[in-house]
Each structure stands twice: as C-alpha cells, then as structure tokens.
Amino acid sequence: MVKLYDKGVYLIKGRQLVQEQAQAESLTGEKISREEARKGTIAYSILEAHNTTDNMEKLKIKFDAMASHDITFVGIIQTAKESGMEKFPIPYVLTNCHNSLGAVGGTINEDDHMFGLSAAKKYGGIYVPPHIAVIHQYMREMHAGCGKMILGSDSHTRYGALGTMAIGEGGGELVKQLLCDTYDVSRPEVVAIYLDGKPNPWVGPQDVALAIIGAVFKNGYVKNKVMEFVGPGVSSMTTDYRNGIDVMTTETTCLSSVWKTDEDTKEFLSCHGREDAYEELNPANVAYYDGCVYVDLSTIKPMIALPFHPSNTFEIDELNADLDDILREVEKEAAHIGNGRADYSLTDKIENGRLKIQQGVIAGCAGGNYTNIVEAANLLKGKNCGNGDFSLAVYPSSQPVFINLERKGITADLMQAGAIIRTAFCGPCFGAGDTPCNNGLSIRHTTRNFPNREGSKPGNGQMSAVALMDARSIAATAANQGILTSAEEFDCWGDIPEYTFDDTVYKNRIYYGFKKGNEKKELVYGPNIKDWPKMSILTDNILLKVCSKILDPVTTTDELIPSGETSSYRSNPLGLAEFTLSRRDPEYVGRSKEVDKIEKARISGADVFETEKELVDVYHTIRTIPGESEIKPEETEVGSVIYAVKPGDGSAREQAASCQRVIGGLANITREYATKRYRSNVMNWGMIPFQMKEEPEFEIGDYIFIPGIREVFDGDMQNIKAYVIKDGSSKEISLYVAEMTPEEKMIVKAGCLINYNKERKNISAK
C-alpha cells in the first residue's frame, strides 16, 4: 500500500505520524511551532550546513564534491575555462561511463576521454577511465557520506541512502561551483517517505521504487521537493538495497533525497574504507513535513513499468490478469510516438495468454548493484535462458563489484545460464548499448524507459521499447526463456554472500589529481571538440518565430535532444544541435537555423526589417501596435521559440537547452517546466523561460513580438504583454516568468552564463 497524505504531517520521535498540530502537542506535551518543526528534518540541517548566508528561505549552496561523465564534462570544462576558471576548487570526478565503447564517430569518444584526463591533470580532478565504474556507483563507494551535498551533471545524482543530499543539474550549475559561486534555490519543501514493514524476499528495490513513482509522478506530489526516507521500514533493508530505491527518486521529479542512517549505513561506509564518513542522521523528536508518502513495504508486489514512462506502473500479476486491454493502451501511445513513421505492437507478443519478451538487461546505477546481481544469479543457477529470441545481459556497476562477483563464482553461474556479462557501462540506460530488435520489447533493471531512449529510430522506420522491472523478476522471466514471470513464483531469495570491497583496480587505474593541478599542462583537444559559439546580448525588444509546437502532456529531454549515438557529438555544440527535436519534430532545426541567419544579419548591421522579405510585413504590423512605431533593428533581437506544454522531464543534460540556443533559440513558452534543472539550463543558456496560462493561439511560422523585455526583468514578470503577429494583424497575449534570482536575470540579459562571467571578469579587472 502506498498512501499520499492530503496535507503536511508531524513526525514524532521518528515513528508516529499526525496531521494536526494539536495532536503533536498532545503527544509531546510541548508547545509546537510548525516553522520550528520544519527545522527538524534531516534535509533542513544539511541545507543549513551548506548555505553560505543566514537566509534559509533563499539558499546559496556550496557543495562538497561534484561528478560528471563523458557526455557532459567537456562542455562544462570549456564553459568554466572561458569564464576564467583556474583550478577545481572541490573534488570533481570525471567518469567515462557513457561513451565508453568509442563506437560512433571514429576517434571522437576517446578524444573526449583524453580531454578529461588532461583537464584532471591541469585543474586538479579525479579521472575514472572507461569501464571502471558507472558514475553513481563510484560516488557511492568513494565520495558520498552522511551530511554531505554532492552536485552532478547527471539527473540520477542521488546518494540519499548514504545520508548525502545529491542533486543532478545541467552543466551551468556545475560551472558556478567551479567558479566558487553558489547554487541558488528557494528552500525546497520536504516530503516524508515513511517506510513501514519489510519487503517480501522476492521484492527488490526497483519494485519499491516503481510503486512510489507510480503514486507520485503524475500528480506532481514531490516535484522539486526533497524526499526524506524515514520510519522503521528503512532498517529492514540493506544500504545496497536502499541505493537501488534512492537512485530512482529522480523519476518522481523531486529535487533531491535523503535517508535516515543506521548501523547498516555505517557498515557500508566502513566496508569501503570510509567509516569516518558516517554520522547518525535522524529527524528531530518533532519534525514537520510538507507532505507524506506512507509505504507499507510488506504489501509491495513485483512491479513493471510499461513503455513509455517509469510511472506507467502495474503489478506484474495485475498485468498478466488483463494483458490484452492494458497492452492495447500502450499501443495507442506507441502509435502517437511513431507518428506514421514506425509501427510498434505488443499484443502480438501474447503467447498462450502470457507476454513474450525479447530481451532482458540488468545494468547501471539502479540494476548493477551487488545484491541485485547475486539474487538474479541465485535464481538462474542451473537454469537456462534458452536459445530463442530472448537474451539477457548483466552489467556490474563497478569493477570492484565485478571482482567480488567473479571471486564468488556468481558470474560463472550467470554465464552458464546463458547471460552475457559486460563491464560497467551506462549505455543500456540511454540507447548506446543493447538496442532491442525492431518491434522488440526489453525488460530492464535500469532507470528509464522513455520513448526511443533504448536507441530505436522511428524516422528510420524502426521502433522498440523498454519496460522497467526488478532484477529478480527479470531473472524469473529469463528462467522461463522470455515469458514474463513474477519473482514471486520462485523461492530462492536472501542468500547474499558478504561483500568485500577491493579497491586495487581503483588505485591502479584512477588518476587522483585533486589539489595537484598543474596550470602549465595543456588541454588535449580532438578535432570534434569545439568552443561554444558566441551568444548575443539580450536587446530591449525581442521578436520570436514559432519553430515548433508540441502539445504532448510531457516532453522529455530525450525528445528535445536524443540520447544514444548522438551523445558522441556532445563536445561539438553546432554538430550536436543538428539532432535537436529530430525524433519529435524533424523540421525544427531547419526552421530555427533560418531564423538564426536573420539574427546574424541583424548583428552584422543589416536592417532586417527592410532586407528580409518575410519580416517586412511583420515590421509593418508591429508599427501599428500603440507605442511601437519607432521600433529599431538594433534594439530588437530575432530568435526562435518552442512551445511545449511541459518540457524537460528526465535527464539533466544542458544540451537540451544549449542546442536550441546555438541555432537561434531565444525563448521557450510552456504551461509549466517539468523540472527545475531543465528550466535552469534554459536560463543559463540565455533563453527566457516564458510560461502562459491560456492555450496557445499561435502556430508554427507565426511571430511573437515582446517589447521592453529588459525592463520586464526589473518588475514582477507576472503579466508580460506580447503580440502574436499573423496575416498582417496583431493579437495581444499574456506571458509570465516564474521567480528568478537576481543572478539568473543578469545571466539572461547577458545572453548566457559565459557572457555573464566574462562581463563580471571585465568589471572586476577595471
């Protein structure tokens, strides 16, 4: 049972939940202030310790460490270098777990890796070579600790089960930390995730995570909030198990997560040689939470998240009882995603009343943990995955985990059953490894199952899909040679040999350069690594051409800029931008680049309102708007705009915004932003994060004129006059911009974070 409370709760002595203040006072015999009780959460104490000012409402956070992988660190370092960075001021881990295979584009992937190593030597970083560890497992093993805060350029930066508040953000926020600036955010609300009871032996961390995601994602219950795991059920699970739940909190759209700690947390850290990183973390005797998710762990059953979102959850037994109807609903969504370019079906996979699967994968920061793989091996020992169309691949999350599994004979048991054992690699999570066959269905203990994230390309007439499951039920399905099977049908659980951490491979292969930077070292550039193009400063007025209009309820970052093989081009801003919206609106890039040509002509001094044919009528119409008869080209920037209902669910990748910007993007208009991190990316790249309450009465090709935009940032930004220019007439509409920090306003006015930092540097030099 997962229950959502309809309002805030008081947690008394870590165990008792009450909603009314009077009840809390009766139980404690004390006068209680809700505001004081808010300070009793674990999250509040950690945020307070990392806030650099006395204002706990508007936080300015400095982190203890940071982490990036090889599809984000090049752009971050390039941006920080252009902004004046001289060294890494805190431990900064550069892992190479995404483009590890070097499979696309010749040398470009390994060139990025060598750039990362050279940056670690120059600026004092920590470099983890390919196949050694996935980013989040390495951070769990070597950096996370109780009471710490870690910032990462990957959305699954979550180490809450180790008492660390970790946040995944776009590269711009990491650049700010590298420049010794702060992470600025209003104090987030904190929601209690109250765990009660104990999971059944056949239930794994993914089952618990999917049950929670299914309950909270669609209603936004924890959006941009902190999930704080408390209650007696926490200690019913090992820390390795908790890690598997915690990393999936990203799929709820929460800001961060943190768990109460106990002796098992201490044992995990001690096992990894870091006992000094342990601290007992508990909420105060009275703690107030802004909401509560009550989870009776004993009632959780093996789960499946069907395509095309982790929140599309069902109990496996529930799905098996109503296969045809449920799968037909998914097929409707598949038809929308395929959009006539590719077909996808699921009901054709029903054989004798059971669902036939084509592929299984257990991998990454969610599935590749030691306990998950051991449990899968315990089930598959002596069994057979078959020689048909079903295949199983297992990716241990780090070499130390792999070594442990190998020494205990666990990998041999898996291999004899027919599973393929691979190295630490995030590819299956984002479409750079194990792409299923066309029309295939893959079951995965990984993090996401967004449309086409597994690597298929509808534009090429191909489409496959992923359902998320726990390693235990994936192993059960493999034992039945691809017939969907709940782990509850087997009785082989809980025999977990003690884990022993051997960091020899880390000592031998990882470059530890923190505080050892040598500014005389040169960065090593490959031919694909390009600097960011110049961005123009925001003018007094702006003219936006609508270049895409997306009315889907949610638009993921994978749709804004596809993952998979395109990730290999992340070090080339203009090269990567060619893929923007390629799986959702293939015509967008061409449209936006045409607008960009006009803007470049304007910057060069051309009177575009006289020389550009399509702008002549637009200019004439604008001049009929009261008060706008004197509009001048030098005061009016021209850019493209995307309308989307709710964009930015999923990855932290800043390229979802920067790709729009480098080919002419100047703003987004939305009903809401799916995540804070995507909205932050938009602002850090100098685009305006407009929102509107009404339905959009404009179409692709229309123009939107917004006068006095720079002055808008000096007001409350709640009723911004804009004009849709269409067919020789103008129609006023109202836009607004949600709260921005003073620094964010200056970044957008400057045109992007790089411009803002250069401007600051020039001012300080004078």
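The values are calculated or read from the model by the stated rules, or taken from the named source; none is laboratory data. Please read all numbers here as calculations on a predicted model, not as lab measurements. Virtual Cβ from ideal backbone geometry, glycine too; neighbours counted across all protein chains shown.
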Within segment 218-233, of all residues that are more than 18 Å from the chain's Cα centre (by Cα) and part of a strand (DSSP E or B), the one farthest from D296 (Cα to Cα) is E228
Note on segment 531-584: residues in contact with a strand residue (DSSP E or B) (Cβ under 8 Å, 6 or more places away or on another chain), over 15 Å from I669 (Cβ atoms) and among the β-branched types (V, I, T) are T539, V554, T556, T557
Taking segment 472-483 and keeping only residues that are touching a strand residue (DSSP E or B) at 6+ places or on another chain (Cβ under 7 Å) and either farther than 17 Å from E351 by Cβ or surrounded by fewer than 24 Cβ atoms within 10 Å (Cβ to Cβ) (or both), one is left with I474, I483
Taking segment 50-80 and the residues there that are more than 22 Å from the chain's Cα centre (by Cα) and touching a residue at least 24 places away in the same chain (Cβ under 8 Å), the one that is farthest from E739 (Cα to Cα) would be H50
Counting only residues in segment 3-31 that are out of contact with any Phe, Trp or Tyr (no Cβ under 7 Å at 6 or more places or on another chain) and of a type in the set (A, V, I, L, M, F, W, C), the one modelled with the highest pLDDT is identified as I12
Requiring at least 1 residues that are in contact with a helix residue (DSSP H, G or I) (Cβ under 6 Å, 6 or more places away or on another chain), the strands (runs of 3 or more DSSP E) wholly within segment 234-329 are 256-259, 286-289, 303-305, 313-315
Open item on the list: I'd like to know if segment 438-450 contains one or more residues that are in contact with a Gly (Cβ under 8 Å, 6 or more places away or on another chain), in a loop (DSSP other than H, G, I, E, B) and not assigned by TED's automatic domain parsing to the domain that holds S397.
Closed with: no
For helices (runs of 4 or more DSSP H) lying entirely in segment 669-753, having 3 or more residues that are closer than 30 Å to T72 by Cβ picks out 676-684, 742-750
Among residues of segment 700-751 being at positive phi and not acidic (D, E), the residue surrounded by the fewest Cβ atoms within 10 Å (Cβ to Cβ) is G728
Within segment 712-766, the count of residues that are over 30 Å from A80 (Cα atoms) and β-branched (V, I, T) comes to 4
Pairs returned, first residue in segment 420-440 that is in contact (Cβ under 8 Å) with a residue 12 or more places away in the chain, second residue that is in a helix (DSSP H, G or I) and of a type in the set (V, I, T), beta-carbon separation under 6 angstrom, 6 or more apart or interchain, are I421/T411
The strands (runs of 3 or more DSSP E) lying entirely within segment 1-105 that contain at least 2 residues which are surrounded by 24 or more Cβ atoms within 10 Å (Cβ to Cβ) are 9-12, 65-68, 92-95
Per the filter on segment 200-216, residues buried (at least 22 other Cβ atoms within 10 Å of the Cβ) and in a loop (DSSP other than H, G, I, E, B) are W202, V203, G204
*Is one or more of the residues making up segment 498-518 in a loop (DSSP other than H, G, I, E, B) and more than 30 Å from L94 (Cβ to Cβ)?*
yes
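Per-residue answers, yes or no, for (1) under 24 Å from R677 (Cα atoms); (2) of a type in the set (S, T, N, Q); (3) in the same structural domain as A80 (by TED's automatic domain parsing):
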site	(1), (2), (3)
N109	no, yes, yes
A119	no, no, yes
G124	no, no, yes
H131	no, no, yes
Y138	yes, no, yes
E141	no, no, yes
A144	yes, no, yes
When (1) in contact with a helix residue (DSSP H, G or I) (Cβ under 9 Å, 6 or more places away or on another chain); (2) within 19 Å of L560 (Cα to Cα); (3) not aliphatic (A, V, I, L, M) are applied to N449, the one that fails is (1)
Residues of segment 590-635 being surrounded by 14 or more Cβ atoms within 10 Å (Cβ to Cβ) and either within 30 Å of K223 (Cα to Cα) or in contact with a Phe, Trp or Tyr (Cβ under 8 Å, 6 or more places away or on another chain) (or both), in sequence order, are F609, L615, V618, Y619, I622, I625, E628, I631, P633
Filter segment 686-700 for residues that are of a type outside the set (A, V, I, L, M) and touching a helix residue (DSSP H, G or I) at 6+ places or on another chain (Cβ under 8 Å); the one that is nearest to L666 (Cα to Cα) is G686
